[in-house]
Amino acid sequence: MAHQVRISPSILAADMLNLGAELESVSNADFIHYDVMDGDFVPNISFGPGLLSAVKRGTDLMVDVHMMVSNPDEVYRDYLEAGADILTFHMETAKHAHRIVDEIHRYGRRAAVAVNPGTAISSLDAIIDHLDMVLVMSVNPGFSGQQFIEHTFTQLYKLTALCRSHAVRPLIEIDGGVSAKNAAQVVAAGADVLVGGSAVFGAPDHARAVEEMREAGMRGLAMR
Ligand code: DX5
Ligand code: ZN
């Protein structure tokens, strides 16, 4: 992949009436972040697999699907069938995490696990060897436009230490309250993929907001 710091604009913050144009406006990004919310695991309802098929038709970028659902074991196949390139489920919800990861890999896709701000990084110990990416939530999931939780830095230090101790290097994605203002800091602390919802789609020029986040992130790489 071209960039060492990857930007994943979250279409939760996009204008749904103009989704095709919104996707085109961030074609300089690396991934498209697709938030699935079920109104049970998180207090909001967003998109399902149907819209994902449409999004796949509207972008050439890899689609990074973040399932915030209580029953990932029952629904993950729907998102693989709809074309998820990277599929993330929450550690707090999976009954059989290894089985989901194996199945994602059988489809030839990338597997990721997410942890909420209140979830211990040590809960990833048994699965970390098998993951392509770990998503660290930097807000309590459910909404775009929330404030970044500072405890995320502790989560990142613990996660990078866990990865080192297992001699693995999954991508680390940060989701929630990330912008060009804190991108350098989160990348310096270990993040490789930055999700941007309001920071990208709330900006007047989306492509420029992507570039600004990436440039700030690159400065963080130099601080590692
Ligand atoms: C929050 C979602 C995020 C959200 C990020 O629960 O998982 O992906 O869209 O939005 P911002 O970047 O505005 O915090
Ligand atoms: Zn998300």
#### Entry: Per-residue ³J(HN,Hα) for segment 194-206, Karplus 6.51 cos²θ - 1.76 cosθ + 1.60, θ = phi - 60°, Hz, x for Gly and Pro
10, 7, x, x, 5, 5, 9, 7, x, 8, x, 10, 5
### Query
Mind listing P(r) for the chain? All alpha-carbon pairs, 5 Å bins, whole percents.
1, 7, 17, 21, 22, 18, 10, 4, 0, 0
### Estimated distance in nm for a label pair at residue 208 and residue 157, the labels positioned 7 Å out from Cα along Cα-to-Cβ
3.7 nm
### Task
Give the distance, in whole Å, between the Cα centre of segment 121-164 and the Cα centre of segment 1-79.
19 Å
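Of the trypsin sites (Lys or Arg not before Pro) in segment 101-182, which ones lie in a loop per DSSP and count no more than 15 other C-beta atoms within 10 Å?
181
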## Note on the structure
The simple spin-label model distance between residue 92 and residue 129, using points 7 Å out along Cα→Cβ, in nm, is 2.8 nm
## Note on the structure
If the label point sits 7 Å along Cα→Cβ of residue 44, residues of segment 105-130 with amide N under 18 Å come out as 114-118
## Note on the structure
Heavy-atom accessible area of segment 69-224 with neighbours in place, 1.4 angstrom probe: carbon+sulfur share in percent works out to 49 percent
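Per residue, how much accessible area does the chain show when a 1.4 Å probe rolls over the protein heavy atoms, in square angstrom? It would help to have the intermediate numbers written out before the result.
Values: 9510 Å² over 224 residues.
Using a 1.4 Å probe on heavy atoms only, each residue of the chain averages 42 Å².
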### Task
At 0.36 nm per residue, minus the direct Cα-Cα distance, what do residue 27 and residue 60 gain on full extension? Give it in nm, one decimal, please.
11.1 nm
### DSSP-loop GluC sites (Glu not before Pro) across segment 20-114, with at most 11 other Cβ within 10 angstrom
none
### Query
How long is the gain from residue 106 to residue 218 if the chain were fully straight, where each residue apart is worth 0.36 nm and the alpha carbon distance is subtracted?
37.0 nm
### Query
If each of residue 19 and residue 169 carries a label point 7 Å out from its Cα toward its Cβ, how far apart are those two points in nm?
3.6 nm
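The values are calculated or read from the model by the stated rules, or taken from the named source; none is laboratory data. In this text, all values refer to a predicted model and were calculated from it rather than measured experimentally. Reconstructed Cβ throughout: ideal geometry from the backbone, glycine too, with neighbour counts over all protein chains shown. Ligands, DNA and RNA are stripped out before the accessible areas are found, and what is left, the full protein with its side chains, is counted by its heavy atoms. Shrake-Rupley method; radii C 1.70, N 1.55, O 1.52, S 1.80 Å.
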